[in-house]
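In what follows, a single structure is set out as structure tokens and then discussed.
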Amino acid sequence: MGVKGKYFMIASAETGLVLDVKGASTEPGSEVVMWERTGNDNQLWYEDPVTGTVRSKHSHLCLDFDGKRLQGDPRKVCHCRILGANKIRFLVNIGVSDK
């Protein structure tokens, strides 16, 4: 799974923190938090071209957002659902940063 050389981190432009599967867990439902860069596999992601999902390199589980929660930290990893639930699109800012 994944395409060699196509892994990426998802970072906050504001803080520089990256999405991290908490505790390097491989269990579905594990929390995804913002954390300092370590470069470990639980911070690396790839786009699955077959399903259009974003998956963890560490567990190959899909990045998902719990739409029922409006506050707190709704990010998690879970088994991928092909019927549209895990299809996440990112807007990439290619502009110049002042940081």
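Worth a mention:
- Hits in region 28-38 (condition: exposed (fewer than 15 other Cβ atoms within 10 Å of the Cβ) and free of Cβ contacts under 8 Å to residues at least 24 places away in the same chain): 36, 38
- The listed residue being touching a strand residue (DSSP E or B) at 6+ places or on another chain (Cβ under 6 Å) and free of Cβ contacts under 8 Å to residues at least 40 places away in the same chain, out of 17, 44: 17
- Once region 39-74 is narrowed to residues that are among the polar types (S, T, N, Q) and surrounded by 13 or more Cβ atoms within 10 Å (Cβ to Cβ), the residue that is modelled with the lowest pLDDT is 51.
The values are calculated or read from the model by the stated rules, or taken from the named source; none is laboratory data. As the structure is a computational prediction, the values presented were derived from the model and not from experiment. Positions of Cβ are backbone-derived with ideal geometry, glycine not excepted, and every protein chain shown enters the neighbour counts.
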